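Worksheet: one structure, shown below.
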Amino acid sequence: MAEKSTPNSSEQLRFASSGSKIVNQFMIFVAVGLLPILFPSVIKLENRMIILINISIALFTSYLYEVWRGYLEKRGKDTSLILNIQLITSVVLLTHFLHYFGRINGPFFVLYLLTIMESFLNKNLLISNITVVIMICATFLELIFLFITKEKNLDFVNILEFLVRIMSLLFIRSYGFVLSKTIESEQTLRQEAQKTTSRLQETTHQLSQANSRLKELSLLKDEFVSIASHELRTPMTAIKSYLWLVLNRAKNLDEKTKKHLQIAYESTERTITLVKDMLTVSRIEGNRLDVNFSAFDLKELASQMVEELKIKANEKKIKLALRPFSEDLVINGDKDKIGEVFQNIIGNALKFTPDEGNIEVYFQKRDKMVEVNISDNGPGIPKKDISRLFQKFSRLGNSLSEMAETPGTGLGLYIAKQIVGLHKGKIWVESIVGKGSTFTFSLPLGERTYVRRE
């Protein structure tokens with residue numbers, strides 16, 4: 001359904017002046033018919049019949065123009081020509097009317113001012129200026145005519161009345177000109193605003209379509225990554241198992257073959273980790289990550305993770321320790337997902353901590369939250385890199401990457417942040433370059449947190 005357009009101020013003024021014209025002329029018709037009868041000594045008319053015919057023609061033409069203009073407006077046509085013809089007709093009929101009714105100095109002179117103002121409202125400056133000039137000249141001519149013919153005894157009051165008429169014409173001309181320019185500026189601004197609104201609506205529509213398309217592509221991407229990751233994980237796990245069997249069960253393998261098989265085994269392990277991380281990210285972003293909540297001992301889980309990762313720590317002669325904590329730390333959460341957070345953060349610390357370094361895991365209680373801290377004495381993280389640590393595929397500077405024994409996926413900390421967020425916790429890092437870093441994540445104690453399931 002099309003919206004109804006609201007007329008602006010200039011249109012309202014124009015319609016008001018045109019719409020009231022018929023009423024004004026009818027009032028004049030009544031006045032001309034009654035006033036001379038009621039006040040014959042004051043109101044003297046020259047040829048009343050001509051005046052009544054003149055006003056009747058004005059009434060008829062005004063009604064005709066209004067009907068014609070209404071018809072054109074309904075059809076969406078331009079009505080400016082009709083308005084100009086109507087104004088010219090009004091000026092001619094008004095001049096003829098005033099000639100027989102008091103002339104320029106008569107009581108109905110104000111109708112000329114209204115007609116001039118209507119011309120300005122319709123932005124017809126030419127007709128307005130011509131009318132003003134003609135009326136000023138006519139006023140002067142009438143004053144000179146009266147002075148020469150001595151038809152009327154002119155005194156100061158009479159001359160002042162003529163001057164008032166002239167000043168009124170000049171004033172209405174100046175005011176009308178300013179009003180016309182103001183209306184023109186308003187219409188220009190309104191048109192520009194409408195164009196801008198149309199462009200904004202079009203741009204919004206295009207952005208909405210692009211956004212919908214991007215959402216569709218994102219869903220397709222997530223679905224593809226999920227399917228591809230799931231299909232890749234099974235054969236890669238089988239390859240890893242066979243490589244492990246060959247390395248640990250096969251006999252008579254020379255050192256060169258063992259080295260190559262070990263490289264293949266580690267590469268397969270990294271690929272499996274990447275596939276697993278990609279699958280987890282896909283499920284997180286698709287709101288399909290299965291989180292199973294249950295009560296468990298966080299200290300016990302931390303001890304288990306530390307023992308599992310000590311094998312990698314011993315390879316680099318890194319001291320990995322869990323600081324004792326006397327209070328109970330029972331939380332409601334997904335034990336496997338929190339274990340993945342431990343693996344990602346401690347594993348990240350193992351990659352960047354130099355040989356014979358130290359990594360310590362310890363707890364702190366704050367109100368109803370427990371904070372898990374993983375502190376190392378590695379090279380530290382520059383401040384410019386901290387803000388992007390928990391983003392997808394975020395990697396540290398080259399100098400730090402060269403210290404890692406195996407390249408990372410850049411997804412571990414991002415996944416850790418998402419899992420902690422699902423448990424209504426937070427994760428952050430404090431680091432000093434050259435002294436080490438401390439990664440901390442908090443979890444609520446004794447509360448059942450938000451559950452997101454497939």
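Within segment 234-251, residues that are modelled with pLDDT of 80 or more have Cβ atoms under 7 Å from residues that are acidic (Asp, Glu) in these pairs: Lys240/Glu269, counting only partners at least 6 apart in sequence or on another chain. Which residue is farthest from Met278 (Cα to Cα), if the candidates are limited to segment 417-439 and must be small (Gly, Ala, Ser) and either in contact with a strand residue (DSSP E or B) (Cβ under 6 Å, 6 or more places away or on another chain) or at pLDDT below 90 (or both)? The selected residue is Gly434. Any idea which residue in segment 256-270 is surrounded by the fewest Cβ atoms within 10 Å (Cβ to Cβ), counting only those that are among the β-branched types (Val, Ile, Thr) and more than 18 Å from Leu232 (Cβ to Cβ)? Filtering segment 256-270 for residues that are among the β-branched types (Val, Ile, Thr) and more than 18 Å from Leu232 (Cβ to Cβ), the one surrounded by the fewest Cβ atoms within 10 Å (Cβ to Cβ) comes out as Ile263. Scanning segment 354-384 for residues being in a loop (DSSP other than H, G, I, E, B), over 44 Å from the mean Cα position of the chain (by Cα) and surrounded by fewer than 18 Cβ atoms within 10 Å (Cβ to Cβ) gives a total of 3.
One residue stands out among those in segment 271-296 that are exposed (fewer than 14 other Cβ atoms within 10 Å of the Cβ) and among the charged types (D, E, K, R): the one that is nearest to Glu223 (Cα to Cα), which is Arg288. Take Asn314 and tell me if it is surrounded by fewer than 16 Cβ atoms within 10 Å (Cβ to Cβ) and either in the same structural domain as Glu356 (by TED's automatic domain parsing) or of a type in the set (A, V, I, L, M, F, W, C) (or both). When the stated conditions are applied, Asn314 passes them.
Would you mind telling me which numbered condition in (1) small (Gly, Ala, Ser); (2) modelled with pLDDT of 70 or more; (3) closer than 26 Å to Ile85 by Cα Gly176 fails? The number of the failed condition is (2). Entry remark, segment 182-232: residues being of a type in the set (Gly, Ala, Ser) and more than 30 Å from Val281 (Cα to Cα) number 3 in total. Quick one: is Ile183 under 30 Å from Thr268 (Cβ atoms) and not polar (S, T, N, Q)? Taking the combined requirement at face value, the residue does not satisfy it.
On the given criteria, is Ser303 at pLDDT 85 or above, assigned to a helix (DSSP H, G or I) and assigned by TED's automatic domain parsing to the domain that holds Met369? Considered against the rule, which asks whether it is at pLDDT 85 or above, assigned to a helix (DSSP H, G or I) and assigned by TED's automatic domain parsing to the domain that holds Met369, Ser303 comes out as yes.
When the residues of segment 213-251 are filtered to those that are among the basic types (Lys, Arg) and farther than 15 Å from Leu279 by Cα, the one that is surrounded by the most Cβ atoms within 10 Å (Cβ to Cβ) is Lys240. Going by the structure shown, is Tyr242 under 30 Å from Arg283 (Cβ atoms) and touching a Leu at 6+ places or on another chain (Cβ under 6 Å)? Criteria not met by Tyr242.
The values are calculated or read from the model by the stated rules, or taken from the named source; none is laboratory data. Treat the numbers as computed from the prediction; the structure is a model and nothing was measured. Neighbour counts run over all protein chains shown; Cβ positions are idealised from the backbone, glycine included.
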